[in-house]
There are 2 protein chains.
Amino acid sequence: MTTLTNEAIYVASRPAGIPTAENFRKDVQPVPAVKQGQMLVRNEWLSVEPAMRGWLADANNYSSVAVGEVMRSLCVGVVVESNVDGFSAGERLMGWFGWQHYAVVKPAAVVQKVTASDIPPSLYLGVLGLNGITAATALDKIGGPKPGETVVVSTAAGGVGSCVGQLAKSLGCRTVGLTSTPEKVKACHEQFAYDHVINYKTEDIGAALQNACPDGVDVYFDNTAGQISDSVMRHLAIGARVIVCGTASIAKWDPPPMGPRVERILLTRRARMQGFILFDHMDTYGSYVSQLESLIRANKLTYREHVTDGLDTAMGAIEELYRGENLGKRLIRL
Amino acid sequence: MTTLTNEAIYVASRPAGIPTAENFRKDVQPVPAVKQGQMLVRNEWLSVEPAMRGWLADANNYSSVAVGEVMRSLCVGVVVESNVDGFSAGERLMGWFGWQHYAVVKPAAVVQKVTASDIPPSLYLGVLGLNGITAATALDKIGGPKPGETVVVSTAAGGVGSCVGQLAKSLGCRTVGLTSTPEKVKACHEQFAYDHVINYKTEDIGAALQNACPDGVDVYFDNTAGQISDSVMRHLAIGARVIVCGTASIAKWDPPPMGPRVERILLTRRARMQGFILFDHMDTYGSYVSQLESLIRANKLTYREHVTDGLDTAMGAIEELYRGENLGKRLIRL
């Protein structure tokens, strides 16, 4: 076998706020030998996640990545060579293979085998990956929406949000999406079937929420935090559940930015506000994949992908994500 | 029967912040006739609750009281005359009889009959009343403390807090009390058996929490909100539960005061913050009373009462409560 070289994106420095291309560097190294218990995977698709900001920002993050390492990422790739029982060359996997062309990994890096021949593999990084499974798991386990309840979603057209909206709708909820551009408003209406859509950049969000949620907000799926969430909090119904899933609108947490205190709202509405990280729920990952695969096959779950080509496009991708320039799941095709 | 007159404390105006004596007025009226389905109760004990601020402040509060009404309060009293099946003259009741000497009420106003002859009746307004049952219910249903976990309590020497601390200790938790005077620190150590006590007015609360909770805070029973809570939030352990039970340190919520945003803490610690109001849990009230009666009889639950004599002492009592001048449950004896 000829020596393979591997082009990879390394973490060059910890970002102070949103990671930019300057926090990464590209390097080419030989692919190391594949030892017993390891396999070589050739990546086809790389993922870009809002959560990457947290992984990069803080050494104490639940999924921290160190300076000097290949950038941590979920990927879809094909096994080239396997020295692991149960994995064979040619199999397609989804797992933690990093922003690079080739990864030598142990089985622990694999999240799932991708075996369905009727579903595009890239979906396992999006609507059937972290985004979709985050949406399904958090909505189910923390939100617990009941038919007829009102579910509000921030970043309503995003990878997670668009899935939350459709799942809540399929459960018989009234869905209200918060988003930021006319194009996303259109997608929320036409693709993701929200009952109400609010453009928080052009509308009076308080008045719009009052109009869209006359009985209050039962479930708030929060991907943004910040002023958008402050507005939603003021409209919580008695017994509301707030799923804290992301903080996309806050660029810097050190020192923590100030906002209106939530204690009185939580008390008088007997509301619950709870942080959600999918990695605590990997034991149920497969069952939510199956549930969403059924919806995909039945054409009941619409998704959007925003694909760029080539490893070089990864470096600026997190920054673009936080600028709100994406419509749907951000992916890199190799 | 001669005509009885009734001295009562009426709500005179809505307070802007903490209710003071000026928000009330005393008046004397004849006791009305006791109709079918009603009974006449002579009050022996009146309660003063921190929650009364909320009842008075906001017409939309869960337990709002209107200007011109007798001040809403739980009381212990004796039935003088009954036109209700199942209630007889001479029986002692705990219920919503108001800040007055006599109340004509329907059975719906009764929370429970007080039948134990070996327990002082005033306890049914304190450690066996809203305070104790709030402590037991919220700690159990929202906190869910496990043996070995660290439980932090604000207003640790107060009516609710002192009960929380002792219940958590009896469940095998490490207990840390936050309080404000040397006298209360002493009570927390000697009466309520906290493992650690922090005087947040004299100590560096951040350093003291770090020292007292090296593995973080698993359950925070919050009766104060504000800066005290901000400090505790920074020490939450993964999977922490924050019970939002009171906001004693915040004098005014309109407009809401600003504080450090909690979203990132809730997210990275996968923590839950939830408001608790006992009135949502009245179906389990009796079972928690029985549980606490057993602890009282076994001398395993210590309590303090702060008693003043006479109806007139009620009017300034809420203000005194918020000045932190009480040690234990604030009661008025008639």
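The values are calculated or read from the model by the stated rules, or taken from the named source; none is laboratory data. These numbers were taken from a predicted model, which means no experiment stands behind them. A quick note on method: Cβ atoms are made from the backbone with ideal geometry, for glycine too, and the neighbour counts reach across all protein chains shown.
Annotations
- Here B:Arg174 passes the criteria (1) free of Cβ contacts under 8 Å to residues at least 40 places away in the same chain; (2) under 25 Å from B:Asp283 (Cβ atoms); (3) out of contact with any helix residue (DSSP H, G or I) (no Cβ under 6 Å at 6 or more places or on another chain) except the one numbered (2).
- Residue list for region B:225-244, filter: in a loop (DSSP other than H, G, I, E, B) and buried (at least 24 other Cβ atoms within 10 Å of the Cβ): B:Ala225
- Residues of region B:198-223 classified as assigned to a strand (DSSP E or B) and within 26 Å of B:Ile277 (Cα to Cα), total: 6
- Scan of region B:62-83 for residues that are more than 14 Å from chain A (Cβ to nearest Cβ) and of a type in the set (Gly, Ala, Ser), ordered by number: B:Ala66, B:Gly68, B:Ser73, B:Gly77, B:Ser82
- Scanning region B:192-227 for residues that are of a type outside the set (Ser, Thr, Tyr), touching a helix residue (DSSP H, G or I) at 6+ places or on another chain (Cβ under 7 Å) and at pLDDT 95 or above yields a count of 13.
- Test: residue in region B:10-24 that is of a type in the set (D, E, K, R), surrounded by fewer than 15 Cβ atoms within 10 Å (Cβ to Cβ), at negative phi and free of Cβ contacts under 8 Å to residues at least 24 places away in the same chain: yes
- Pick from region B:276-293, criterion in a helix (DSSP H, G or I) and touching a strand residue (DSSP E or B) at 6+ places or on another chain (Cβ under 9 Å), ranking: nearest to the other protein chains (Cβ to nearest Cβ): B:Asp280
- With respect to being surrounded by 22 or more Cβ atoms within 10 Å (Cβ to Cβ), hydrophobic (A, V, I, L, M, F, W, C) and within 12 Å of chain A (Cβ to nearest Cβ), B:Ala317 falls outside the description.
- The set of residues from region A:237-275 being out of contact with any Gly (no Cβ under 6 Å at 6 or more places or on another chain) and more than 7 Å from chain B (Cβ to nearest Cβ) comprises A:Ile238, A:Gly239, A:Ala240, A:Val242, A:Cys245, A:Gly246, A:Ala248, A:Asp254, A:Pro255, A:Ile265.
Residue-wise test of (1) under 15 Å from the mean Cα position of the chain (by Cα); (2) of a type in the set (S, T, N, Q); (3) modelled with pLDDT of 95 or more.
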| site | (1), (2), (3) |
| --- | --- |
| A:Gly126 | yes, no, no |
| A:Leu130 | yes, no, no |
| A:Ile133 | yes, no, yes |
| A:Ala138 | yes, no, yes |
| A:Lys169 | no, no, yes |
| A:Gly177 | no, no, yes |
| A:Lys186 | no, no, yes |
| A:Glu190 | no, no, yes |
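- Filter result for A:Thr155 (under 26 Å from A:Asn299 (Cβ atoms), hydroxyl-bearing (Ser, Thr, Tyr) and modelled with pLDDT of 95 or more): no
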